[in-house]
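Engineer: Here it is, the structure in full.
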Amino acid sequence: MTATTATTFMRIFRDDRPQEAVLETSDGDIIASELDEIGVRFERWDADAELPAGADQATVIEAYRSSVDKLMSECSYTSVDVIRLERGAPNAGALRTKFLDEHQHGEDEVRFFVEGRGAFYLHVGPRVYQVICVRGDLIGVPAGTKHWFDMGPDPEFTAVRLFINPDGWVAKFTGDTIASQFPKLDS
Ligand SMILES: [Fe+2]
């Protein structure tokens, strides 16, 4: 994969006005503080390991071993895996669709992006927070938060996923079509 110079970007919308953001920022401190107010963890970590093409889960975890160990010991996560998509992946369309509708989990959704980018959408109260996460971003979405995720039409990202109980990470769809009204990752 190619290194990206992209930066994190956040837009906040009213949930009934998807065409007009009330706040747009790429300032990491503002992003962290706005997300902290809704109980979402956002931090920037070092993520400068160069991963070989075709790196498997073990290779990615080993490359980020010290960060993974630190997170696991600090936050009582018990398991870790990696989701990695390279451009042109044959299963990308199906995977994108899977997380593109509003849903909740009985488990925190914790992602440490170590390559590429993807957009989280958090629907909290009357607001929708679109957070485009890039390499180095750590986001922790608490259990029960309504959200969706767009990896884009030709995804390219690697994220380490941390779980307290991976069995709890089952998507419960809300049945709300709100996600279809909001701008996608690349729009
Ligand atoms: Fe999710």
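The values are calculated or read from the model by the stated rules, or taken from the named source; none is laboratory data. Since we're looking at a predicted model, the values are computed, not measured. Virtual Cβ from ideal backbone geometry, glycine too; neighbours counted across all protein chains shown. Note: accessible area is taken over every heavy atom of the protein model, side chains too, but ligands, DNA and RNA are not part of it. Shrake-Rupley method; radii C 1.70, N 1.55, O 1.52, S 1.80 Å.
Engineer: Filter region 122-139 for residues that are over 15 Å from R11 (Cα atoms) and in a strand (DSSP E or B); which is nearest to the ligand (Cβ to nearest atom)?
Structural biologist: Going residue by residue through region 122-139, those that are over 15 Å from R11 (Cα atoms) are 125, 135-139.
Cutting the leftovers down to in a strand (DSSP E or B) gives us 137-139.
Details: D137: 16, L138: 16, I139: 11 Å.
It comes out as I139.
Engineer: Taking into account only those residues within region 99-121 that are open to solvent by 30 Å² or more (accessible area, probe 1.4 Å) and touching a residue at least 60 places away in the same chain (Cβ under 8 Å), which is farthest from the ligand (Cβ to nearest atom)? Explain how you work it out, then say what you get.
Structural biologist: The initial filter retains those residues of region 99-121 that are open to solvent by 30 Å² or more (accessible area, probe 1.4 Å), namely 100-101, 104, 106, 108, 117.
Now drop any that are not touching a residue at least 60 places away in the same chain (Cβ under 8 Å), which leaves 100-101, 104, 106, 117.
Values: L100: 10, D101: 10, Q104: 8, G106: 11, R117: 17 Å.
Filtering first and then ranking leaves R117.
Engineer: While we're on this one: Give region 84-98 a look and list any residue that's within 15 Å of A159 (Cα to Cα), aliphatic (A, V, I, L, M) and surrounded by fewer than 17 Cβ atoms within 10 Å (Cβ to Cβ), or say none.
Structural biologist: L95
Engineer: List every residue pair whose Cβ atoms sit under 8 Å apart, with the two residues 6 or more apart in sequence or on different chains, where the first one lies in region 165-180 and is over 11 Å from F99 (Cα atoms) and the second, anywhere, is within 14 Å of the ligand (Cβ to nearest atom) and of a type in the set (K, R).
Structural biologist: T174/K146; D176/K146
Engineer: Which of the residues belonging to region 156-175 are closer than 19 Å to V141 by Cα and either modelled with pLDDT of 95 or more or in a strand (DSSP E or B) (or both)?
Structural biologist: Our first condition is that a residue be closer than 19 Å to V141 by Cα; within region 156-175, this holds for 157-174.
F157, T158, A159, V160, R161, L162, F163, K172, F173, T174, listed by residue number.
Engineer: Sticking with this one: Please go through region 140-155 and pick out each residue that is in a loop (DSSP other than H, G, I, E, B) and touching a Leu at 6+ places or on another chain (Cβ under 7 Å). Break it down stepwise before answering.
Structural biologist: The first filter runs over region 140-155 and keeps only residues in a loop (DSSP other than H, G, I, E, B), leaving 142-145, 151-155.
T145, M151, G152, P155, listed by residue number.
Engineer: Which one is nearest to P52 (Cα to Cα), of the residues in region 99-151 that are among the small types (G, A, S) and under 10 Å from the mean Cα position of the chain (by Cα)?
Structural biologist: So the first thing to find is which residues in region 99-151 are among the small types (G, A, S), and the list is 106, 116, 118-119, 125, 136, 140, 143-144.
Checking the rest, the ones that are also under 10 Å from the mean Cα position of the chain (by Cα) come to 118-119, 140.
Working: G118: 20, A119: 24, G140: 27 Å.
Across region 99-151, the extreme among qualifying residues is G118.
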